[in-house]
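All remarks here apply to the structure that follows.
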Amino acid sequence: MRQKTAIVTGTSSGFGMLCAVELARGGFKVISTMRNLDKAEPLLKLAQDNQVSDLIHLHKLDVTSALSVRNFKDSLSEFEGVDVLVNNAGFAAAGFCEELSVEDYRLQFETNFFGLIDVTQTVLPIMRENRSGRIINISSTSGRFGFPGLSPYTASKHALEGFCESLRLEVKPFGIDVVLVEPGSYKTNIWSTVDSMTLDPRSPYFPYMEAILDNLKDEKDTHGNPLDVAKLIARLATQRKSPKLRYPIGNGVKMNMILKTILPWKTLERVILKKIIKK
């Protein structure tokens with residue numbers, strides 16, 4: 001039997017880096033991609049510590065560049081097939097709609113949504129011809145629940161959720177599974193954009209955004225270990241039975257999903273705003 005191959009995007013840090021190593025630990029040959037290969041050192045060190053360096057194959061890939069994706073597609077010819085794709089590359093843009101440009105939203109979608117589709121279209125013919133494969137897309141609790149000050153990120157993840165519902169139905173007859181992993185808040189650097197925001201005191205939203213950032217800082221101690229998400233992804237990649245569509249994971253995530261289902265929106269918004277705006 002040939003060795004199974006997995007592609008993981010955005011592996012320079014966070015979920016992607018941990019996931020690449022966990023898959024390698026599970027025996028996968030891992031095509032580990034990132035925009036800047038100069039940032040590969042943490043991944044290589046972690047792979048060495050786990051004695052899986054020979055299973056990690058670095059490839060440059062900018063999911064927002066059609067040329068980069070095309071070059072990556074050409075490089076796949078050196079591998080016998082693709083069994084698992086983990087679409088992890090992404091970032092979180094923050095700010096209030098009135099003060100953001102449409103270009104801010106476009107940039108968010110280029111990575112979190114359109115880039116993901118481009119990479120998915122690259123591997124689908126390979127999986128379809130083999131009549132097997134698993135596409136695991138890293139969504140977020142923000143894909144099911146909107147929060148103030150994060151509308152670009154939230155919108156991109158909501159779009160991803162709808163896309164995956166349709167895609168799963170399209171490719172299921174070809175033996176391909178599509179899965180959504182929906183993490184809550186974890187100790188990764190995806191929120192670095194939020195943390196490094198420079199607030200303008202002249203903005204009418206200044207007190208509101210300040211309250212949101214204070215709330216995020218207060219909750220940092222409750223953020224989960226990202227290794228738990230990586231282990232879930234590795235388990236989904238290897239389990240024999242067909243996985244479900246959605247896997248929410250993280251502190252309070254499942255309860256939030258339940259509350260959104262059973263509570264009227266008017267009640268939810270009152271609870272959320274009261275929590276953020278404590279005064």
Calculated FRET efficiency for the pair residue 38/residue 245, C-beta based, R₀ 41 Å, to 0.05: 0.65
Mean-position separation - Cα centroids, the stretch 95-163 and the stretch 1-72, in angstrom: 20 Å
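In the structure displayed, which of 217/241; 172/266; 241/266; 45/73; 60/231; 39/244 lie more than 30 Å apart, Cα to Cα?
Where the Cα-Cα span goes over 30 Å, the pairs concerned are 217/241; 172/266; 241/266; 39/244.
Please tell me the relative contact order of the stretch 5-276 in percent, rounded to the nearest whole number, where contacts are Cα pairs under 8 Å and at least six residues apart.
Working: 441 pairs, mean separation 51.9, N = 272.
Value for the stretch 5-276: 19 percent.
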Label-point separation, residue 130 to residue 107 (7 Å along Cα→Cβ), nm: 3.6 nm
Residue order, fewest to most surrounding Cβ atoms within 10 angstrom, among 22, 269: 269, 22
Mean Cβ count within 10 Å, highest first, over the residues of peptides 129-142, 49-62, 25-38: 129-142, 25-38, 49-62
Dipole magnitude (debye, nearest 20) for the chain, charges at Cβ of Lys, Arg, Asp, Glu: 1080 debye
Inter-label distance, nm, simple model (7 Å from Cα along the C-beta direction), residue 2/residue 66: 3.0 nm
Sequence-distant aspartates and glutamates (8 or more away, or on other chains) whose Cα lies within less than 18 Å of residue 260: 161, 182, 269
Positive-end residue, the stretch 151-279 charge dipole about Cα centroid, Cβ charges, pick of 251, 227, 153: 251
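Each value in this text was obtained by applying a stated rule to the coordinates, not by laboratory testing. A quick note: this is a predicted structure, and the numbers were derived from the prediction, not measured. We place every Cβ from the backbone using ideal geometry, glycine too, and count neighbours over all the protein chains shown.
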